[in-house]
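A quick write-up on the structure given underneath.
The values are calculated or read from the model by the stated rules, or taken from the named source; none is laboratory data. All figures in this text were calculated on a predicted structure; none of them were measured in a lab. Note: ideal-geometry Cβ built from the backbone for every residue, glycine included; neighbour counts use all protein chains shown.
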2 protein chains.
Amino acid sequence: MSERINKRWRLAAYPEGMVDESAFQYMEAPVLPPQEGQVLVKVIWLSLDPYMRGRMSPMKSYVEPMKVGQTITGQSVAEVIESRHPGFQKGDLALAFTGWQSYAVMAGDELEKIALRPAKASYALGVLGMPGLTAYFGLLEVGKIKEGETVLVSGAAGAVGSAAGQIARIKGCKAIGVAGSDEKTEWLTKGLGFDAAVNYKAHADLREALSGLCPNGIDVYFDNVGGAVSDAAIGLINQKARIVVCGQIAHYNAKNPPRGPRILASLLINRARAEGFIVYDFQSRFKAALVELQRWMSEGRLKTKETVVEGIENAPKAFLGLFEGANTGKLLVKVGDIE
Amino acid sequence: MSERINKRWRLAAYPEGMVDESAFQYMEAPVLPPQEGQVLVKVIWLSLDPYMRGRMSPMKSYVEPMKVGQTITGQSVAEVIESRHPGFQKGDLALAFTGWQSYAVMAGDELEKIALRPAKASYALGVLGMPGLTAYFGLLEVGKIKEGETVLVSGAAGAVGSAAGQIARIKGCKAIGVAGSDEKTEWLTKGLGFDAAVNYKAHADLREALSGLCPNGIDVYFDNVGGAVSDAAIGLINQKARIVVCGQIAHYNAKNPPRGPRILASLLINRARAEGFIVYDFQSRFKAALVELQRWMSEGRLKTKETVVEGIENAPKAFLGLFEGANTGKLLVKVGDIE
């Protein structure tokens, strides 16, 4: 076999304000062989997620921020090319935090084998992976949704949001989605069975529009977005409402701390709760949740869509599109083919 | 006995923005006799609380707003003067929502007998009443404080705040108070045993000041205030922090929806929770909680202070003082003497 070349993107500098391509530096280097206990993997699918913007900052968060010069963080579905770890053999497909590169040498212990068929392996990064689990635990454990409640989902056409609305429906709730185009809202209602969806860009008074779709108010607001969409939603919460704070993509590129209507008084008046979480808080229960998510998929009750960009070279451009709502469903980079 | 005259204050008009005396209308009328099942009570102590401002508004809340012309809402310690209810006899002391007046005819079922000695009966409106219970359930049930945690209390020299800090200490937490004068902060630390207290008016950079007092960050923020104090506090919350939203006195007189730094991203990054509540959510457990609060008082671990204004005529003026921080501890109107 000819020498393998690793293509990777590293952090050139912490972006200030809206991230652009100057934050990313492209590098090529020969692939190194694995050492004892390590595995060489070839990246097949790279997941692009809004949370990565938060890591590209020196600010304190629940994980260590990326350092300048480091490979951009990211989770992949990868194929084992060469194994010096007893748990893996050539051809295995695994989940790994390889970052944005085409090959990676990883400790075998950092890999997790995937049981999905190769044609569906990418689902392990979407509806049957972190985004699906985020929707699942966010709704059931943080939001504590109950049958008959009205669940509003922002960023509803994204990987997490689209799963969240469908899970709300499966659990007997009324699911209303907010998304950024008519094409997306049509997919949510006609494709995924949301009870209703609204294109926030088409309404000068979003609260008014939401009010019409949620005549009984909002019991659970599953928020991926923040900003004006959240302002409108919070204005409509019911007594004992739960605001599940899953993402705040409207603010990830903010240069200054964003300001807006204060919400503590709304929480007080409504005896409501707003709570942030990360899916890894529920890691011990991932397996059981995945069984349920997979069952819902096989029953046709949980559907997904993928937006695929070809080639690791295009990862930065694709990532920037996340902040413009360019993707519908899960955004993936197809990095290489299974050998 | 000479004819008894009822002095009362009713809502003249919904105040817009900062409430002033024009919102209150003074009335006198002869006291009417009780009917079958009713009790005539004489108000001894009237409780003045910030929440009343919220009721003086046509806005939706967790209770019905006051109507123009109605007696201003308020809880009292009152003495039974004449009873036509089998559960009460002349001379009994009872808690009652009499409103701002010197006498009231109430259904006996609306009264709750007080077991405290007459000299301590006013505690039933403070540390051994709604404010004490609010502190208790807010910290233990909403805040879920754990030994060793840092608990920051805003409005710490008020009736609820002063109890909250002491209960936090009793439960093995570090209690830090924020109040509006050096006299108050001295009372909190030297009088009540708070670990530290800060006069927010004396610091241009409150976050900096709080940061020095909370070197390990804030685990539970018990908020009575909102506004800039909350902004500073929320900037210092720890992973898995709880923000107990008990009051937002800084905003009760706001004419327009107040704006400030957005907090959902802070909740997300810190996997933190902000939750509003009212004490009546825990009504079934009041008795047991009062036993515990009373025990702490008798052990000298829970202290209180009362600011007493003489005469129902002065109730509006005293009430307005709440929004200027005029009171230390529980604000009461001494309306009449026990007969």
Could you pull out every one of the helices (runs of 4 or more DSSP H) wholly within the range B:235-339 that has 3 or more residues that are over 30 Å from A:F137 (Cβ atoms)?
-> B:286-298, B:315-322
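Table: residues versus (1) under 23 Å from A:K330 (Cα atoms); (2) touching a Lys or Arg at 6+ places or on another chain (Cβ under 9 Å).
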| residue | (1), (2) |
| --- | --- |
| A:G126 | yes, yes |
| A:G158 | yes, yes |
| A:A164 | yes, no |
| A:K190 | yes, no |
| A:A196 | yes, yes |
| A:N199 | yes, yes |
| A:G217 | no, no |
Which condition breaks for B:A228 when tested against (1) free of Cβ contacts under 8 Å to residues at least 24 places away in the same chain; (2) within 14 Å of another protein chain (Cβ to nearest Cβ); (3) in a helix (DSSP H, G or I)?
-> (1)
Those residues of the range A:211-225 which are aromatic (F, W, Y) and either more than 16 Å from the chain's Cα centre (by Cα) or at the interface with chain B (Cβ under 10 Å from one of its Cβ atoms) (or both) amount to A:Y221
Is there a residue in the range B:270-281 that is more than 7 Å from chain A (Cβ to nearest Cβ) and within 21 Å of B:A156 (Cβ to Cβ)?
-> yes
Residue check for A:G260: within 22 Å of A:Q75 (Cβ to Cβ), within 14 Å of chain B (Cβ to nearest Cβ) and surrounded by 14 or more Cβ atoms within 10 Å (Cβ to Cβ) = no
When B:A254 is evaluated against the numbered criteria (1) surrounded by fewer than 17 Cβ atoms within 10 Å (Cβ to Cβ); (2) not assigned by TED's automatic domain parsing to the domain that holds B:L192, which criterion, by number, is the only one it fails?
-> (2)
Quick count over the range A:270-281, residues being touching a residue at least 60 places away in the same chain (Cβ under 8 Å) and either among the polar types (S, T, N, Q) or surrounded by fewer than 19 Cβ atoms within 10 Å (Cβ to Cβ) (or both), is 1
If B:A204 satisfies every condition in (1) crowded, with 22+ Cβ neighbours inside 10 Å; (2) free of Cβ contacts under 8 Å to residues at least 40 places away in the same chain; (3) out of contact with any helix residue (DSSP H, G or I) (no Cβ under 8 Å at 6 or more places or on another chain) but one, which is the exception?
-> (1)
Residues (part of a loop (DSSP other than H, G, I, E, B), over 22 Å from A:P118 (Cβ atoms) and touching a residue at least 60 places away in the same chain (Cβ under 8 Å)) located in the range A:1-30 | A:P15, A:E16, A:G17, A:M18, A:V19, A:D20
All strands (runs of 3 or more DSSP E) inside the range A:40-109 with 3 or more residues being under 18 Å from A:D337 (Cβ atoms) and away from chain B (no Cβ under 14 Å) | A:76-83, A:93-96
If we ask which residues in the range A:39-93 are surrounded by fewer than 21 Cβ atoms within 10 Å (Cβ to Cβ), within 30 Å of A:G247 (Cβ to Cβ) and free of Cβ contacts under 8 Å to residues at least 40 places away in the same chain, their number turns out to be 8
Residue set B:A96, B:A119; condition without any contact (Cβ under 8 Å) to a residue 60 or more places away in the chain and loosely packed, with under 15 Cβ neighbours inside 10 Å; output residue B:A119
Of the residues A:P86, A:P50, A:P118, A:P34, which is farther than 22 Å from A:V160 by Cβ and at pLDDT below 95?
-> A:P118
For B:I243, are the conditions met, namely being surrounded by 22 or more Cβ atoms within 10 Å (Cβ to Cβ) and either over 19 Å from B:A168 (Cβ atoms) or facing chain A (nearest Cβ under 8 Å) (or both)?
-> yes
What single numbered condition from (1) surrounded by fewer than 19 Cβ atoms within 10 Å (Cβ to Cβ); (2) farther than 21 Å from A:A157 by Cα; (3) more than 7 Å from chain B (Cβ to nearest Cβ) fails to hold for A:K305?
-> (2)
Condition broken by B:A254, with the remaining ones in (1) under 21 Å from the mean Cα position of the chain (by Cα); (2) more than 22 Å from A:R259 (Cβ to Cβ) satisfied = (2)
For A:H251, the lone unmet condition from (1) at pLDDT below 95; (2) more than 7 Å from every other protein chain (Cβ to nearest Cβ) is (2)
Within the range A:156-166, can one find any residue that is without any contact (Cβ under 8 Å) to a residue 60 or more places away in the chain and surrounded by fewer than 22 Cβ atoms within 10 Å (Cβ to Cβ)?
-> no
Do the conditions hold for B:V160, that is, is it closer than 22 Å to B:P258 by Cβ, among the β-branched types (V, I, T) and away from every other protein chain (no Cβ under 14 Å)?
-> no
How about the range B:207-223: which of its residues are closer than 17 Å to B:K144 by Cα and either surrounded by 18 or more Cβ atoms within 10 Å (Cβ to Cβ) or of a type in the set (F, W, Y) (or both)?
-> B:I218, B:D219, B:V220, B:Y221, B:F222, B:D223
